[in-house]
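In what follows, a structure is listed as structure tokens, so that the remarks can point back to it.
Nothing in this text is a laboratory measurement; each read-out follows from the coordinates by a stated rule. In this text, all values refer to a predicted model and were calculated from it rather than measured experimentally. Cβ coordinates were reconstructed from backbone atoms using ideal geometry, including for glycine residues, and neighbour counts include every protein chain displayed.
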Amino acid sequence: MKKYLVAIVIVSILLLPAVGASNLLASNKTEIKMPLNILEDDFTHGVFTEYVTTTECGYCPEASSQLYSIYDSGDYDFYYVSLVADANYKIYDRVKELDVPGVPDVYFDGGYRNIIGKQDDEQPYRNAIQQCGNRDVPDIDIDVNVQWKGNAILKISVTVQNNEPEDYNGYLRVYIVEIESRWNDVSGHPYHFGALHMPIEKSLAMPQAQIKPLGDSYTFTKTWIGALYGFGDITQDNVMVFATVFDPDSDHAVETAAATPTNSIDNGGIFQFTFFENLKIWQWINARAIRSNLLSLI
């Protein structure tokens, strides 16, 4: 009960008016693309942005439109996720960590730059992206691989490598997003890159230029079964996975990578699962059967 009360309080805070007003409509474009980094080819890393919003926020459609316009331009090495706080309790922990006072609230690189409220145009966001992209950050590489197993099941693999001449401690967060979100803003237009879940959150302790310190692999694999989290209806062409490493002290992002799912089918056309993946699926099917039987008794 305490958890739900906290969630209610957070939503109440988020629904408080932010500065300004919104009167523009969000874009409906859904083309899948990776940042092109055309104008700013000297960025030190991919800039990661967390856009906190709610479905009832009157000032958010304009912020949504401006952020997507920047992404769609391909001008920067720039990624963003929409944290729709009142529609998805699965991202509440991250919203609480960001200490959001109101919406729209946009956190560039984990809060290295933070812009709250309505903006007259997209230039403040562009300025923040450029400032973040020019930061000195550790030389960290991230590789993301996502396999579509069918039935809204993703096998996610993230490898993090430290290229620095010294040890580096960090924190890895992985976001599963819908490119065109199931949630609409107050104008009735869908959000873009709406965060569904954060399946991997992991502290990193990486000695210099090593991926496997102390015998532990820094390739993290997660089989994510969408139906277990209420997202059994996702489609392969409308989902992406973002992985970002954050500094543990400042919580500022230092590198980001993204991937869309590829098919995982053998030559016979049969989906292949490991023993543990099959066990998870069996547990899910069993749980559904139990729930169905209980409901039939009501």
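Annotation: amide H of Y112 within the under-5 Å range of A253, sequence separation 5 or more or interchain, hydrogens built in the peptide plane. Among the GluC sites (Glu not before Pro) found in region 52-153, those both in a DSSP coil and sparsely packed, with 15 or fewer other Cβ atoms within 10 Å of their Cβ, are E56. Binning all Cα-Cα separations of region 148-190 at 5 Å, short to long from zero, yields these whole-percent fractions: 5, 12, 15, 16, 13, 13, 12, 8, 5, 2, 0. Phi-derived couplings, Karplus 6.51 cos²θ - 1.76 cosθ + 1.60 at θ = phi - 60°, listed residue by residue for region 88-103: 9, 5, 6, 10, 4, 4, 5, 4, 5, 4, 6, 6, 6, x, x, 10 Hz, with x used for Gly and Pro.
Note on T219 and N169: the model spin-label points, each 7 Å out from Cα along the C-beta direction, lie 2.7 nm apart.
Based on other C-beta atoms within 10 Å, arrange F43, F108, F193 from fewest to most.
Arranged by neighbour count, lowest to highest, F43, F108, F193 become F43, F193, F108.
Across region 122-137, rounded Karplus estimates of 3J(HN,Hα) from the backbone phi angles (6.51 cos²θ - 1.76 cosθ + 1.60, θ = phi - 60°) give 7, 4, x, 5, 4, 4, 5, 4, 5, 5, 5, x, 8, 5, 7, 10 Hz, Gly and Pro being marked x. Close amide-amide hydrogen proximity is noted between G170 and L204, A205, M206, each under 5 Å apart and 5 or more residues distant or on a separate chain (H modeled in the peptide plane; Pro and chain starts excluded). Between K202 and T262, the contour length at 0.36 nm per residue exceeds the Cα-Cα span by 19.2 nm. Just want to confirm a number: the relative contact order over region 33-129, from Cα pairs under 8 angstrom separated by 6+ residues, in percent. So the answer I get is 37 percent.
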